[in-house]
Structures are given as structure tokens and as C-alpha cells.
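Participant: The structure is given below, and queries will be raised subsequently.
The values are calculated or read from the model by the stated rules, or taken from the named source; none is laboratory data. Please read these numbers as outputs of a predicted model, since none were measured by experiment. Neighbour counts are summed over all protein chains in view; Cβ atoms, including those assigned to glycine, are modelled from backbone coordinates with ideal geometry. Accessible surface areas use protein heavy atoms only, side chains included; no ligands, DNA or RNA. Shrake-Rupley method; radii C 1.70, N 1.55, O 1.52, S 1.80 Å.
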Amino acid sequence: MLKIAIDSGHGLGTPGKEVPSYIGMGKIKEWTLNDRITTKLITMLRQYEDVKILRLDDPTGKTDVPLAERSQKANNFKANICISNHHNAGIGGKNGGGLVIYRYPNSTKFTKAMQKSLYDCLIAETGLKGNRTSPLAESNLHMVRETKMPAVLIEHGFMDSHSDMAEIKKEDFSTKSARGIVKFLEK
């Protein structure tokens with residue numbers, strides 16, 4: 001039995017977590033973009049036998065479940081892997097950005113090889129390779145630090161990048177992203 005803990009980062013009411021108005025796509029909350037991927041991923045994973053899924057965030061997005069509660073739920077579930085879906089910001093309206101995958105610094109649970117494999121699977125599906133000098137990043141983020149299983153935080157592109165959002169807004173982007181994660185899990 002493979003036990004997978006999954007979340008969509010943030011909640012609908014989390015301040016500042018939205019596509020900036022200068023991108024010209026209206027008000028889109030980060031959670032909405034994250035949830036599209038999480039929902040497709042869960043649907044795809046339900047096709048497999050011997051896979052048990054626990055969603056860590058509020059599936060309605062109305063409550064921003066605290067990080068400590070999310071990591072504790074994953075730990076209590078005794079998940080084999082934890083996947084946190086996000087979208088990044090920091091391009092400031094320029095082009096580029098792309099996919100960034102975070103793991104805990106020097107993690108022996110979610111190894112560099114696992115990180116590279118996930119990155120390759122996502123790039124093969126989405127093609128959203130950006131201009132980041134470190135798309136395979138390490139950071140002391142709560143979800144990768146406080147979980148007791150291999151854990152990864154995926155930034156599926158930049159919400160403040162015109163070129164990234166041109167791809168992210170497409171309906172099939174979330175399907176491609178979810179399929180990339182599934183292909184990684186199959187490996």
C-alpha cells in the first residue's frame with residue numbers, strides 16, 4: 001500500500017497569494033491554480049490499486065489549514081510521500097521562471113535523484129522549463145522540514161510571469177502537471 005499525502009498550498013483567503021493584476025488575467029488566487037493540479041492528481045491516483053490518498057488542505061479552499069496541522073496529518077497518516085503543490089512569484093511581470101522543485105537541505109528522504117526524476121517527469125509533460133539558476137532547490141520550508149516522510153514542494157511556474165501564465169492558464173496544464181507527478185511516482 002502506497003500512502004500519499006497531498007496538499008494545495010495556502011487557501012483562497014491567504015493575503016497576497018494571487019496572480020498580480022498587471023498580468024491581465026483577472027483575480028486568480030494561487031490556491032485555485034494549486035487545486036487544479038491537486039484535484040487532477042488525486043483523480044489519476046484513484047485509478048491505481050493499493051494507493052491511499054490523504055488531502056491535507058481544505059478541499060474547498062475556504063480555510064487556510066495551518067502548516068503544523070498539515071504536516072501532523074501527514075505524519076499521523078504515516079504517508080510514504082508528501083507532495084505540496086504551489087505556484088511561485090518573484091519575476092515581477094517579466095518572462096521566464098518555470099518549474100522549481102524544493103526539498104529539505106541535504107535530505108536523505110527526498111534525495112537529489114528523486115528531485116531530478118520528478119523535475120524531468122514534469123518537464124517532459126509540461127515543457128515549462130524556466131530561467132531559474134536552481135530549478136532543483138533546497139529550502140527550510142515547513143512542509144519539507146516537518147514531515148517524517150520524503151516530501152517535496154513543487155512550484156508549478158510563476159504567477160507573475162507573462163510567459164508562465166500563458167501556459168498555466170491552459171486547461172490541460174494541470175492535467176500535464178498531474179500526469180508528470182504520477183509518472184514520477186510510478187518510477
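Participant: Name the shape class, rounded, prolate or oblate, that the alpha-carbon gyration tensor gives for region 80-172, where a ≥ b ≥ c are the square roots of its eigenvalues, rounded holds for a/c under 1.5, and otherwise prolate holds if a/b is larger than b/c and oblate otherwise. Walk me through the numbers on the way to the answer.
Facilitator: On the way: a/c = 2.05, a/b = 1.79, b/c = 1.15.
Prolate.
Participant: May I ask for the net charge around Asn140, where only other residues with Cβ less than 14 Å from the Cβ of Asn140 are counted and Lys, Arg are +1 while Asp, Glu are -1?
Facilitator: With Lys, Arg at +1 and Asp, Glu at -1, the net is 0.
Participant: Determine the share of the chain's accessible area contributed by carbon and sulfur atoms, expressed in whole percent, with a 1.4 angstrom probe. It would help to have the intermediate numbers written out before the result.
Facilitator: Values: 4480 of 8770 Å².
Accessible surface attributable to carbon and sulfur in the chain totals 51 percent.
Participant: Continuing with this model, one more query. List, in order, the whole-Hz ³J(HN,Hα) value for each residue of region 141-151 obtained from phi through the Karplus relation with A = 6.51, B = -1.76, C = 1.60 and θ = phi - 60°; use x for Gly and Pro.
Facilitator: With the stated coefficients, region 141-151 comes to 7, 3, 5, 8, 8, 8, 8, 8, 10, x, 9 Hz.
Participant: Rounded to the nearest angstrom and ordered from largest down, what semi-axes does the equivalent ellipsoid of region 145-187 get from its C-alpha gyration tensor (root of 5λ)?
Facilitator: Values for region 145-187, descending: 24, 15, 6 Å.
Participant: Let me ask you something else. Which links in Lys116/Lys169; Lys129/Lys170; Lys109/Lys170; Lys73/Lys112; Lys62/Lys129; Lys112/Lys148 stretch past 28 Å when you go from one Cα to the other?
Facilitator: Too far apart for the 28 Å limit: Lys109/Lys170; Lys62/Lys129.
Participant: Next question. Could you state the angle between the C-alpha long axis of helix 112-126 and the longest principal axis of the C-alpha atoms of the chain, as a value from 0 to 90 degrees rounded to the nearest 10?
Facilitator: Approximately 50 degrees, to the nearest ten.
Participant: Please compute, for the alpha-carbon atoms of the chain, the extent along each of the three principal axes and give them in descending order in Å.
Facilitator: Answer, in whole Å and largest first: 44, 34, 32 Å.
Participant: Let me know the shape class of region 98-152, please: from the alpha-carbon gyration tensor, a ≥ b ≥ c as square roots of the eigenvalues, rounded when a/c is under 1.5, otherwise prolate if a/b is greater than b/c, or oblate.
Facilitator: Prolate, since a/c reaches 1.5 and a/b exceeds b/c.
Participant: Name the most mobile residue of Ile154, Ile91, Ile101, meaning the one with the largest mean-square fluctuation, in a Gaussian network model of the chain with Cα contacts below 10 Å.
Facilitator: Answer for the Gaussian network model of the chain: Ile91.
Participant: How long is region 27-74 along each principal axis, judged by its Cα atoms, biggest number first, in Å?
Facilitator: 36, 27, 12
Participant: For region 25-79 and region 158-183, write down the distance between their C-alpha centroids in whole Å.
Facilitator: Between the Cα centre of region 25-79 and that of region 158-183, the gap is 17 Å.
Participant: Test of understanding: in a Gaussian network model of the chain with alpha carbons linked when under 10 Å, which of Leu54, Leu122, Leu41 would top the mean-square fluctuation ranking?
Facilitator: It is Leu54.
Participant: Given a 1.4 angstrom probe, what's the average accessible area per residue across the chain, in square angstrom?
Facilitator: Working: 8770 Å² over 187 residues.
Accessible area per residue: 47 Å².
Participant: Top mean-square fluctuation among Leu153, Leu33, Leu141, Gaussian network model of the chain, C-alpha springs under 10 Å?
Facilitator: Among Leu153, Leu33, Leu141, the largest GNM mean-square fluctuation belongs to Leu141.
Participant: Using the Cα gyration tensor of region 87-129, with a ≥ b ≥ c the square roots of its eigenvalues, what is the shape: rounded (a/c below 1.5), prolate (a/b larger than b/c) or oblate (neither)?
Facilitator: Oblate is the answer for region 87-129, as a/c is 1.5 or above yet b/c matches or exceeds a/b.
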